[in-house]
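Have a look at the structure below, then the notes.
Since every read-out is calculated from the coordinates, none of them should be taken as a lab result. Values in this document were obtained by computation on a predicted structure and should not be read as measured data. Reconstructed Cβ throughout: ideal geometry from the backbone, glycine too, with neighbour counts over all protein chains shown.
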Amino acid sequence: MSDQKLKIGVMVHLHGDPEGAIKKVADLGVPTCQLGWPANMSVEDGLEVKKIANDLGVEITTLWATLPGVAMWNFVEGPISIGLVPEDWRAIRIQALEQAARCAAEMGVESITTHCGFIPEFPGDPLYTGTVVALKQVMGTCDSLGVQFWFETGQETPITLLRTIQDVGSPNMGINLDPANLLMYGKANPVDALDTFGQWVRGVHAKDGHYPTDGAALGKEAPMGEGRVNFPVLVPKLKSMGFTGALTIEREISGDKQIEDIQRAIDILTPLL
């Protein structure tokens with residue numbers, strides 16, 4: 001087990017107001033963040049954002065790359081709209097990920113992160129082999145820039161994700177574990193999933209949620225402590241597997257309730273660091 005104390009972070013999106021987004025992190029008193037990164041951001045934009053973060057004393061741990069096109073967060077349209085799996089969107093999304101990697105490299109941010117989509121479980125599926133080819137292209141750019149690529153968990157089973165990492169074959173890949181997503185997509189219990197891919201976890205979304213109970217709709221997100229993610233077991237297990245990254249709180253609502261739930265999550269996580 002690592003003796004290094006973990007850091008807490010918050011997931012924030014720029015939405016045209018970089019200073020406001022990063023100030024929100026600083027005001028919460030946490031040292032790190034993951035940044036939701038729009039597909040149209042330039043390297044020059046990135047350097048401006050990095051200066052704001054430096055001035056406010058906030059470390060950016062990953063650029064969470066938002067991909068162009070349509071994404072439907074459910075079980076019906078999701079497989080044909082999310083990530084690199086859908087062929088119609090693949091080329092433009094590869095370009096967006098390569099651009100995010102260039103921004104990260106210039107900003108001194110170690111990684112980019114995104115959802116790759118409902119990766120098929122059958123390795124012979126043309127959508128699987130096409131996704132692997134697309135990821136090899138993305139990793140060619142990431143590897144040349146010294147930028148890591150982290151898979152956001154959710155739409156694929158843990159063993160499918162592990163197989164994809166092995167088949168792409170770059171040492172610069174990792175996993176941004178969203179334990180709530182594993183539950184909300186009905187793919188795995190996050191504590192057990194670590195037995196399959198725990199060695200690859202580089203970042204964590206500290207988010208809570210429930211299993212789905214409807215064939216078309218994801219399970220519901222919940223405030224930390226009110227869902228099915230067992231953080232008092234998950235975090236020590238991550239540390240025992242060598243994880244030294246940030247626990248980045250994500251609460252996908254807005255307003256005062258979001259801030260209240262984030263502050264409660266900080267209280268829950270702090271004793272586990």
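In the list Gly69, Gly108, which residue meets the criterion of being closer than 25 Å to Ser170 by Cα, surrounded by fewer than 16 Cβ atoms within 10 Å (Cβ to Cβ) and in contact with a Lys or Arg (Cβ under 8 Å, 6 or more places away or on another chain)?
That would be Gly108, the only listed residue that is closer than 25 Å to Ser170 by Cα, surrounded by fewer than 16 Cβ atoms within 10 Å (Cβ to Cβ) and in contact with a Lys or Arg (Cβ under 8 Å, 6 or more places away or on another chain).
Which condition does Ala91 not pass, out of (1) in a helix (DSSP H, G or I); (2) buried (at least 16 other Cβ atoms within 10 Å of the Cβ); (3) among the aliphatic types (A, V, I, L, M), if it passes all the others?
So the condition that Ala91 fails would be (2).
In the list Met173, Met139, which residue meets the criterion of being in contact with a helix residue (DSSP H, G or I) (Cβ under 9 Å, 6 or more places away or on another chain), within 21 Å of Ala246 (Cβ to Cβ) and not β-branched (Val, Ile, Thr)?
Testing whether each residue is in contact with a helix residue (DSSP H, G or I) (Cβ under 9 Å, 6 or more places away or on another chain), within 21 Å of Ala246 (Cβ to Cβ) and not β-branched (Val, Ile, Thr) leaves just Met173.
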